[in-house]
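**Student:** Input: one structure, supplied below.
The values are calculated or read from the model by the stated rules, or taken from the named source; none is laboratory data. All figures in this text were calculated on a predicted structure; none of them were measured in a lab. Note that we place each Cβ from the backbone using ideal geometry, even for glycine, and neighbour counts take in every protein chain shown. Keep in mind that these areas ignore ligands, DNA and RNA; they rest on the heavy atoms of the full protein, side chains included. Shrake-Rupley method; radii C 1.70, N 1.55, O 1.52, S 1.80 Å.
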Amino acid sequence: RTSVQEYSWEELSQISALISAADSDAEATEVAASYHLCNADGTLDGTQTKQFVLADGTSVTMQILGFNHDERADGAGRAGITFGSRGIVGTHAMNADDSTSGGWRDSSLRAWMNDDLLAQLPDDVVSAIVPVTKYANATGETTDPASVVATTDTLWAPAYAELGGHMDIADDPHDDVYNAEGSQYQLYADLGASWDTPNDILAISGVERWWERTADPMDGRYFMCVGEDGTPWYAHTPKNEFGVVMCFCV
């Protein structure tokens, strides 16, 4: 195959197993490149995409975010391929009651994504997906990285650190909380996304805001979200029905 779109989801699952079995990150990238899942030099540029249609008729374009990045929930190592939707798959409040209690772990958005939204996916996509372990601040306002807890998710919204990368602001005690939620996906790193500046790869045309799973450790009233210009350094109250970007692993 010459592109991601030409593979079936079953074939992508098989390639993912080869990637996850690689002895090093370099070897994993070589495997991905040999199947044209990334550029010849191992980079990602947002053109590595595959489309499908939800049961409600919504067309979804998934782009490869990275390789061997996320931990499989079954303990069998890392999932070979992580995908994220290029656009939103709908809109939803993080919590309609405006609560930040429990963070992503206890949010209605997480419940909706792993129930109602999952039920909208085609059967061949669902069969290829592997649940993974994700991390998110469950306390709200805090400087304690121990407030970040693990969840098992089939579908999820990305974290602030996964989009914008490692936080390192001098003397800011909140950085460790942000960083404990994950590391930046290769796609966003390759295209120069950062936590405090506009980024085309994170901007979604016609979408004013879309949710991150990060409960803002600097203000217990908010969850983080990405702005219209692709800057991930925004925060709003959870009752807002913002866009939802869907991620999953195969």
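**Student:** Is it the case that some residue within the stretch 114-136 is over 30 Å from LYS50 (Cβ atoms) and modelled with pLDDT of 95 or more?
**Tutor:** No, because not a single residue in the stretch 114-136 is over 30 Å from LYS50 (Cβ atoms) and modelled with pLDDT of 95 or more.
**Student:** For the stretch 51-65, how many residues are crowded, with 16+ Cβ neighbours inside 10 Å and either free of Cβ contacts under 8 Å to residues at least 24 places away in the same chain or in a loop (DSSP other than H, G, I, E, B) (or both)?
**Tutor:** The total comes to 1.
**Student:** Sticking with this one: I'd like the full set of residues that are closer than 18 Å to LEU118 by Cβ and either outside any strand (DSSP E or B) or β-branched (Val, Ile, Thr) (or both), limited to the stretch 66-80.
**Tutor:** Once the filter is applied, which keeps residues that are closer than 18 Å to LEU118 by Cβ and either outside any strand (DSSP E or B) or β-branched (Val, Ile, Thr) (or both), the stretch 66-80 yields ASP70, ALA73, ASP74, ALA79.
Residue-wise test of (1) in contact with a helix residue (DSSP H, G or I) (Cβ under 7 Å, 6 or more places away or on another chain); (2) among the polar types (S, T, N, Q); (3) closer than 25 Å to SER8 by Cβ; (4) crowded, with 16+ Cβ neighbours inside 10 Å.
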residue	(1), (2), (3), (4)
ARG86	no, no, yes, no
ASN95	yes, yes, no, yes
GLY103	no, no, no, yes
LEU109	no, no, no, yes
LEU117	no, no, yes, yes
PRO122	no, no, yes, no
VAL125	yes, no, yes, yes
ALA128	yes, no, yes, yes
ALA136	yes, no, no, yes
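**Student:** Do we have any residue at all in the stretch 116-123 that's closer than 26 Å to TYR188 by Cα, assigned to a helix (DSSP H, G or I) and under 16 Å from the mean Cα position of the chain (by Cα)?
**Tutor:** Looking for residues that are closer than 26 Å to TYR188 by Cα, assigned to a helix (DSSP H, G or I) and under 16 Å from the mean Cα position of the chain (by Cα), one finds at least one in the stretch 116-123, hence yes.
**Student:** Applying the selection to the stretch 23-50, what residues are assigned to a loop (DSSP other than H, G, I, E, B) and either surrounded by 18 or more Cβ atoms within 10 Å (Cβ to Cβ) or not small (Gly, Ala, Ser) (or both)?
**Tutor:** Passing the criteria: ASP23, TYR35, HIS36, LEU37, CYS38, ASN39, ASP41, THR43, LEU44, ASP45, THR47, GLN48.
**Student:** Among the strands (runs of 3 or more DSSP E) contained in the stretch 200-250, which hold 1 or more residues that are under 15 Å from LEU109 (Cα atoms) and touching a residue at least 60 places away in the same chain (Cβ under 8 Å)?
**Tutor:** Answer list for the stretch 200-250: 209-215, 223-227, 241-243, 247-249.
**Student:** Of all residues in the stretch 204-217, which are open to solvent by 20 Å² or more (accessible area, probe 1.4 Å) and within 24 Å of ASN179 (Cβ to Cβ)?
**Tutor:** ARG209
**Student:** Still on this structure: Please go through the stretch 144-186 and give me each residue that is touching an Asp or Glu at 6+ places or on another chain (Cβ under 8 Å), under 30 Å from ASN39 (Cα atoms) and of a type in the set (A, V, I, L, M), ordered by number.
**Tutor:** Within the stretch 144-186, ALA157, ALA159, ALA161, LEU163, MET167 meet the criteria.
**Student:** Further question on the same structure: Restricting the stretch 151-199 to residues that are of a type in the set (D, E, K, R) and part of a helix (DSSP H, G or I), which is most open to solvent (accessible area, probe 1.4 Å)?
**Tutor:** Among them, the one singled out is ASP176.
**Student:** Working carefully through the options SER20, SER3, find the one that is hydroxyl-bearing (Ser, Thr, Tyr), under 27 Å from ALA193 (Cβ atoms), open to solvent by 30 Å² or more (accessible area, probe 1.4 Å) and in contact (Cβ under 8 Å) with a residue 60 or more places away in the chain.
**Tutor:** Just one listed residue meets the conditions, SER20.
**Student:** Working only within the stretch 198-229, note down all residues that are among the β-branched types (Val, Ile, Thr) and more than 16 Å from GLU241 (Cβ to Cβ).
**Tutor:** Hits for the stretch 198-229 are ILE201, THR214.
**Student:** Touching a His at 6+ places or on another chain (Cβ under 6 Å) and closer than 17 Å to LEU65 by Cα - does that describe any residue in the stretch 222-244?
**Tutor:** yes
**Student:** Next question. Would you point out the residue of the stretch 138-150, among those that are under 22 Å from ASN95 (Cα atoms) and either part of a loop (DSSP other than H, G, I, E, B) or hydrophobic (A, V, I, L, M, F, W, C) (or both), that is most open to solvent (accessible area, probe 1.4 Å)?
**Tutor:** Looking at the filtered set, the residue picked out is GLU141.
**Student:** Still on this structure: Output the number of the condition that ARG110 fails; it satisfies all remaining conditions of (1) within 29 Å of PRO238 (Cα to Cα); (2) not in a helix (DSSP H, G or I); (3) not polar (S, T, N, Q).
**Tutor:** (2)
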